[in-house]
Amino acid sequence: MEEKIIAVAVDQDGNIAAHAGRAPKWMVYLIDGESAAQLAWTLDLTEIGSLHEWHVRGDGNRHPLHSVDVAIAGSAGDGVIRRLAERNTELVTTSETSPLKAVAAYLSGELAAGLPHDEQACLKGEH
């Protein structure tokens, strides 16, 4: 297996965040195929650095998550999923709450499906 970098959106309790667009923190894991996923770094975003704000700005600038192969969160809007894919970052959603379990499940092809995206709550910033 080639090396992969997987980022997982987390909430203040360390569980997978409910929504990718509003997640202020991402745990970024290095997968090298020879050992378990290793936490490489954390990514702390300000409100204006969130995926939601990056998406609605639409100015074409790069986002830090463009440097990862895969991003995992509880839910995400189609626009953010599409725009990350344009930069070769796959965003997948899951109902799993543990970041490490989600990474392992993704790698084995058994990641539980994500939550439906609530567009109205997203627009109001309720995530």
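The values are calculated or read from the model by the stated rules, or taken from the named source; none is laboratory data. Computed from a predicted structure; not experimentally measured. No Cβ is skipped: glycine too gets one built from the backbone with ideal geometry, and neighbour counts run over all protein chains shown. Heavy atoms of the whole protein, side chains included, go into the accessibility calculation; ligands, DNA and RNA do not. Shrake-Rupley method; radii C 1.70, N 1.55, O 1.52, S 1.80 Å.
Every residue, every condition in (1) out of contact with any strand residue (DSSP E or B) (no Cβ under 7 Å at 6 or more places or on another chain); (2) of a type in the set (S, T, N, Q); (3) at pLDDT 90 or above, yes or no:
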| residue | (1), (2), (3) |
| --- | --- |
| Met27 | no, no, yes |
| Gln38 | no, yes, yes |
| Val56 | yes, no, no |
| Asp69 | no, no, yes |
| Glu90 | no, no, yes |
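Here's a check for you: in the stretch 30-82, which residue that is assigned to a loop (DSSP other than H, G, I, E, B), among the hydroxyl-bearing types (Ser, Thr, Tyr) and open to solvent by 50 Å² or more (accessible area, probe 1.4 Å) is nearest to Val10 (Cα to Cα)? If you could, list the steps in order and put the result at the bottom.
Within the stretch 30-82, the first condition is being assigned to a loop (DSSP other than H, G, I, E, B), and the residues that meet it are 32-37, 45-46, 50, 58-63, 68-69, 74-77.
Subsequent filtering for residues that are among the hydroxyl-bearing types (Ser, Thr, Tyr) retains 35, 46, 50, 75.
Subset that is open to solvent by 50 Å² or more (accessible area, probe 1.4 Å): 35, 46.
Numbers: Ser35: 23, Thr46: 14 Å.
The residue in question is Thr46.
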Name the single residue that is nearest to the chain's Cα centre (by Cα) among those in the stretch 85-95 being over 15 Å from Arg22 (Cβ atoms) and surrounded by 13 or more Cβ atoms within 10 Å (Cβ to Cβ). Val92
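For residues in the stretch 4-17 being part of a loop (DSSP other than H, G, I, E, B) and touching a helix residue (DSSP H, G or I) at 6+ places or on another chain (Cβ under 9 Å), which is least open to solvent (accessible area, probe 1.4 Å)?
The first filter runs over the stretch 4-17 and keeps only residues part of a loop (DSSP other than H, G, I, E, B), leaving 11-15, 17.
Restricting the remaining residues to those that are touching a helix residue (DSSP H, G or I) at 6+ places or on another chain (Cβ under 9 Å) gives 14-15.
Numbers: Gly14: 32, Asn15: 65 Å².
Of everything passing the filter in the stretch 4-17, Gly14 is least open to solvent (accessible area, probe 1.4 Å).
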Give me the pairs, please: first residue somewhere in the stretch 1-19 and under 16 Å from Ala104 (Cβ atoms), second residue anywhere and hydroxyl-bearing (Ser, Thr, Tyr) and modelled with pLDDT of 95 or more, beta-carbon distance under 6 Å, and either six or more positions apart or on two chains. Ile6/Tyr29; Asn15/Thr97; Ile16/Thr97
Give Ala23, Ala85, Ala105 a once-over and let me know the one that is in contact (Cβ under 8 Å) with a residue 12 or more places away in the chain and either in contact with a Leu (Cβ under 9 Å, 6 or more places away or on another chain) or in a loop (DSSP other than H, G, I, E, B) (or both). Ala23
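Among the listed residues His52, His63, His19, which satisfies the condition of being touching a Lys or Arg at 6+ places or on another chain (Cβ under 7 Å) and over 17 Å from Val103 (Cβ atoms)?
On the way: His63 fails: touching a Lys or Arg at 6+ places or on another chain (Cβ under 7 Å); His19 fails: touching a Lys or Arg at 6+ places or on another chain (Cβ under 7 Å).
Unique residue meeting the criteria: His52.
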Any residue at all in the stretch 106-113 that is touching a Gly at 6+ places or on another chain (Cβ under 6 Å), surrounded by 21 or more Cβ atoms within 10 Å (Cβ to Cβ) and not basic (Lys, Arg)? no
